Amino acid sequence: MTSELNRLTLAAAKEGLAAREFSAVELTKALVEAMDAGRVLNAYVTETPEAALAQAAEADARIAKGEARPLEGLPIGVKDLFCTKGVLTTAASHILDGFKPTYESTVTANLWRDGAVMLGKLNMDEFAMGGSNETSYYGPVVNPWRRTGDNRPLVPGGSSGGSAAAVAADLCLAATGTDTGGSIRQPAAFTGIVGIKPTYGRCSRFGIVAFASSLDQAGPMTKTVRDAALLLQSMAGHDPKDSTSVPTPVPDYSAGLTGDLRGRKIGVPKEYRVDGMPAEIEKWWAQGMEWLRDAGAEIVDVSLPHTKYALPAYYIVAPAEASSNLARYDGVRFGLRVPGKDLTEMYENTRGEGFGKEVRRRILIGTYVLSAGYYDAYYTRAQKLRRLISNDFEKAFGTVDAILAPATPSAAFASGEVADPIAMYLNDVFTVTANLAGLPAMSVPAGLSAEGLPLGLQVIGKAFDEPMVLNVGYALERAANFTTKPETWWRA
Ligand code: GLN
């Protein structure tokens, strides 16, 4: 039994702990063993097994006293973008070499407050910029899934690629991710797991290394929708340390998971039928509509006319904010310092060596679109488009309760297969809209592609209507009954 404990969902592990079928220490040991065996996937940047076992022992003591907290003794992984007090936090960048924060991010603090156990820090794209986890200073993450009859390594998606691979390969029961333009949903879709990006402002951004502050949002990456509800329950909430976090009360996310959609209207946006979309993406989308109809929903056509401007607007706003946020890495305050003959040269050397190619590209683009003379042509226009995209959603949500769309335009691709940055950016076509409009959106596994790889469906909801998004996701999950797991080739 013990050797299989790593494969449990959060909900099943919680029940098992409560019924004293196993201890939190046994559970954590099973995960630590799985992490050892799964090291070839490169999902973790830093493993913290001793601290995890100490937390687990404390959890067992609480369970014995009947004082278990909501996530008591449940071992999870943390994307290496969340500051963890005294534990190396890298954002997968060379420039943060040796950075050990003196404070804890609010989201992770909430998780520890509720009894979760930290297994370690998960690999990602450098500063969360990327869609394949190939920009990490700590090397790429390998997707546990492989194409049928083809052993070439595939990317897990990004930027939360380590989180996705670790959850899919059972190297943690669940993980945190962040999503600025799709970084929770796209890797979730590529690895056959569930990922939800909550409404902007639902989770505190305090202590999360900033990429694009008006878009960044933390969220759970889990094996099931029920687990997503459970983890989000602890992650969400108002935080005085983040002025953009919202003081709306956090509803009970698990309570509404019925899968009953009678009387609900689900919108299908025609603009998401993009040129060159593979037939199987279309097929699973149609299947998703069928499943929601079976759950009692009415499927309605909606129009989001400004969709085609979402990608260009995102790739102006996100780099603009990034260029400003990343100005703080100057060799003085954090991590790496590469000396030079004077202060200016020290800055230049540090930033030149410390940032990878994709991050440098984003800083250059961001600085350009914000520069005098170009600001109005690029940045101001992108902001105006953002408003129009938001208005489109508002109008659609006047008639529908949620929107169903594909999560990604393809299944996972092979490492190195998408070399052109623009081609990589095109991957985000279905996900960036929800970030630009600040809306909650979730990816749920639908089925396998012809090549044997998982594909995801996306549910987008009204602001702060995570309960609806989760329930629609739950209906999809029940109907899809996606139970296939990748073969554990890495254990061989
Ligand atoms: N792939 C997108 C990008 O590279 C999204 C990243 C993210 O959500 N952090 O910007």
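The values are calculated or read from the model by the stated rules, or taken from the named source; none is laboratory data. This is a predicted model, so every value here is computed, not measured. Heads up, the Cβs are rebuilt from the backbone with ideal geometry, glycines too, and the neighbour counts pull from every protein chain shown. Ligands, DNA and RNA are stripped out before the accessible areas are found, and what is left, the full protein with its side chains, is counted by its heavy atoms. Shrake-Rupley method; radii C 1.70, N 1.55, O 1.52, S 1.80 Å.
Within the accessible area of the stretch 188-295, the carbon and sulfur atoms contribute 53%, probe 1.4 Å, all protein chains present.
For the pair residue 417 and residue 344, a Förster radius of 35 Å applied to the C-beta separation gives a FRET efficiency near 0.30, rounded to the nearest 0.05. Calculated FRET efficiency, residue 19 to residue 283, Cβ-Cβ distance, R0 = 45 Å: about 0.60 to the nearest 0.05.
Are there any GluC sites (Glu not before Pro) in the stretch 389-492 that are in a DSSP loop and have at most 13 other Cβ atoms within 10 Å? List them by number.
Listed in order of number, the matching sites are 417, 487.
Whole-Hz Karplus values for the stretch 439-445 come out as 8, x, 8, 9, 10, 10, x Hz, taken residue by residue from phi with 6.51 cos²θ - 1.76 cosθ + 1.60 and θ = phi - 60°; glycine and proline positions read x. Cα to Cα, under 20 Å, and not fewer than 8 places away if on the same chain: which aspartates and glutamates meet these conditions relative to residue 395? Candidates past the 8-residue exclusion: 271, 298, 301, 465, 466. Bridging of residue 341 to aspartates and glutamates at a Cα separation below 19 Å is possible for 330, 353, once same-chain residues fewer than 8 apart are set aside. For the chain, the solvent-accessible area of protein heavy atoms averages 37 Å² per residue (probe radius 1.4 Å; ligands and nucleic acids excluded).
Taking 0.36 nm per residue of separation and subtracting the Cα-Cα distance, full extension of the segment from residue 399 to residue 332 would add 18.8 nm.
What part of the accessible area of the stretch 424-492, given as a whole %, is carbon or sulfur when the probe is 1.4 angstrom?
Values: 1080 of 2140 Å².
After summing per-atom areas, the C and S share lands at 51 percent.
Modelled this way, with points 7 Å down the Cα-to-C-beta line, the labels at residue 151 and residue 300 are 5.3 nm from one another.
Measuring with a 1.4 angstrom probe and ignoring ligands and nucleic acids, residue 14 comes out at about 80 Å² accessible. Compute the label zone of residue 324 within the stretch 224-265: residues whose backbone N is under 20 Å from the point 7 Å along Cα-to-Cβ. The answer is 241-246, whose backbone nitrogens lie closer than 20 Å to the label point.
Solvent-accessible area of residue 306, all protein chains in place: 50 Å² (probe radius 1.4 Å, heavy atoms, ligands and nucleic acids excluded). Pairs exceeding a 26 Å alpha-carbon distance, out of 223/357; 121/357; 223/462; 265/308; 270/462: 223/357. Are any of the pairs 65/241; 14/65; 197/241 more than 26 Å apart by Cα-Cα distance, and if so, which? With Cα atoms farther than 26 Å apart: 65/241.
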